[in-house]
């Protein structure tokens, strides 16, 4: 079973939910797909044992063969190639490595170079098989790193995925193929606005989902009202408490602090398992 | 000699558009005959590489100078590769700008004037 934890709005508590869920369950694979700023390991504390590089294939044009016909640049949807009279330029940071330029080149002038854009780290803690992606600073494409992370999924295991915020390509890539998606939100107008967007995404992908309301008590009841109206299960409400914020700020997971929370997250896990098995 | 001016409108009465890759129109002006062609910018809304596409198009049209407000690094690199001279920091009515250019009052630059995505406004892609 693959459970992904997404949100729409950033900073609602995805990592809080995903790490606590993992720690309460044990024996899971954990993927931190928020490759622009992975932070789950602050709470999981896995010792990193190894890493591998993630690279992209970038075209290199053989200027002896190229006759500057411009077909490659015409084809490239990301404007990563420029052909001007008697010259051709490649802009690696814009290239999505689709390989189209090679297909349309009549002179067979396209060769490929590897360009490293990030790494995947691997470690273990308390029975959790931990992976996180790290996109290099300045790189704009998170998706290839997330794809590489997801290739680590062991289908025989239970998998928890910490998803980046938003509803764009990295989010779609992270949650695709999940058996269940937890959407974490806060009871504020921003929380509700972005929750609606996230709900559109998971519905479009046909992934069963439920909502966790974090910092319950800070805003209004519009998120709950919305969930009721849309027939979306509210799996858990985490109250706004200074103690919870304190624990978070020192990198301590809720389930490691109190047995009650441990039980609560265990219940959510069982509930999801039940729903997925139907 | 042909020059390209980024423009807010379709003729010489318009102002210089301060953005290069995301300007509204490109005017290609033959300085000798004062013949003017205009092109609306297809790449205005592109998520990336708008300046590269614009530079490519201008090279194809045979312009040897670009006059605009600002040029980013990718566009500058493409224009330079095409042997096109770049003049930035220019504002105001294009008729007047052409006059100033003819008098030799406009200076070309040897480096991009802004960072990538400058012309996209507050939001970066």
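The values are calculated or read from the model by the stated rules, or taken from the named source; none is laboratory data. In this text, all values refer to a predicted model and were calculated from it rather than measured experimentally. Using ideal geometry, Cβ is built from the backbone for each residue, glycine included, and neighbour counts are taken over all protein chains shown.
Checked against (1) at positive phi; (2) free of Cβ contacts under 8 Å to residues at least 60 places away in the same chain; (3) within 23 Å of the chain's Cα centre (by Cα), residue A:192 meets all criteria but (1).
To keep it simple, each residue is scored yes or no on (1) within 13 Å of the chain's Cα centre (by Cα); (2) buried (at least 20 other Cβ atoms within 10 Å of the Cβ); (3) in the same structural domain as residue A:227 (by TED's automatic domain parsing).
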site	(1), (2), (3)
A:116	no, no, no
A:128	no, yes, yes
A:134	yes, no, yes
A:143	yes, no, yes
A:155	no, no, yes
A:160	yes, yes, yes
A:174	yes, yes, yes
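The set of residues in region A:58-94 being more than 9 Å from chain B (Cβ to nearest Cβ), closer than 30 Å to residue A:149 by Cβ and at pLDDT 95 or above consists of A:58, A:59, A:60, A:75, A:90.
The residue list B:119, B:48 contains one member that is outside any helix (DSSP H, G or I) and touching a residue at least 24 places away in the same chain (Cβ under 8 Å), which is B:48.
Filtering region B:73-86 to residues that are more than 10 Å from chain A (Cβ to nearest Cβ) and either farther than 20 Å from residue B:7 by Cα or in contact with a helix residue (DSSP H, G or I) (Cβ under 7 Å, 6 or more places away or on another chain) (or both) leaves only B:86.
Hey, among B:104, B:89, which residue is over 30 Å from residue A:94 (Cβ atoms), away from chain A (no Cβ under 14 Å) and in a loop (DSSP other than H, G, I, E, B)? If you could, list the steps in order and put the result at the bottom.
On the way: B:89 fails: over 30 Å from residue A:94 (Cβ atoms).
Criteria check complete, one pass: B:104.
Residue B:65 fulfils the conditions (1) surrounded by fewer than 24 Cβ atoms within 10 Å (Cβ to Cβ); (2) under 14 Å from residue B:29 (Cα atoms); (3) within 14 Å of another protein chain (Cβ to nearest Cβ); (4) touching a helix residue (DSSP H, G or I) at 6+ places or on another chain (Cβ under 8 Å) except for a single criterion, (3).
Just checking, which of A:33, A:72, A:76 is closer than 23 Å to residue A:14 by Cβ and touching a helix residue (DSSP H, G or I) at 6+ places or on another chain (Cβ under 7 Å)? Before the answer, list the steps.
Details: A:72 fails: closer than 23 Å to residue A:14 by Cβ; A:76 fails: closer than 23 Å to residue A:14 by Cβ.
Checking each option against the conditions leaves just A:33.
Which one of the conditions (1) closer than 15 Å to residue B:15 by Cα; (2) within 13 Å of chain A (Cβ to nearest Cβ); (3) free of Cβ contacts under 8 Å to residues at least 40 places away in the same chain does residue B:26 fail to meet, given that it meets all the rest? Answer for residue B:26: the failing condition is (2).
Could you identify the single residue in A:223, A:234, A:202 that is under 14 Å from residue A:6 (Cα atoms), touching a strand residue (DSSP E or B) at 6+ places or on another chain (Cβ under 7 Å) and touching a residue at least 12 places away in the same chain (Cβ under 8 Å)?
The conditions single out A:202.
Of the helices (runs of 4 or more DSSP H) lying entirely inside region A:120-220, those containing at least 1 residues that are closer than 30 Å to residue A:80 by Cβ and touching a helix residue (DSSP H, G or I) at 6+ places or on another chain (Cβ under 6 Å) are A:143-150, A:169-175. Restricting attention to region B:30-56, report how many residues are touching a strand residue (DSSP E or B) at 6+ places or on another chain (Cβ under 7 Å) and surrounded by fewer than 24 Cβ atoms within 10 Å (Cβ to Cβ). Count: 8.
Quick grid of which residues meet (1) surrounded by 19 or more Cβ atoms within 10 Å (Cβ to Cβ); (2) not assigned by TED's automatic domain parsing to the domain that holds residue A:136:
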{"residue": "A:21", "(1), (2)": "yes, no"}
{"residue": "A:27", "(1), (2)": "no, no"}
{"residue": "A:49", "(1), (2)": "no, no"}
{"residue": "A:87", "(1), (2)": "no, yes"}
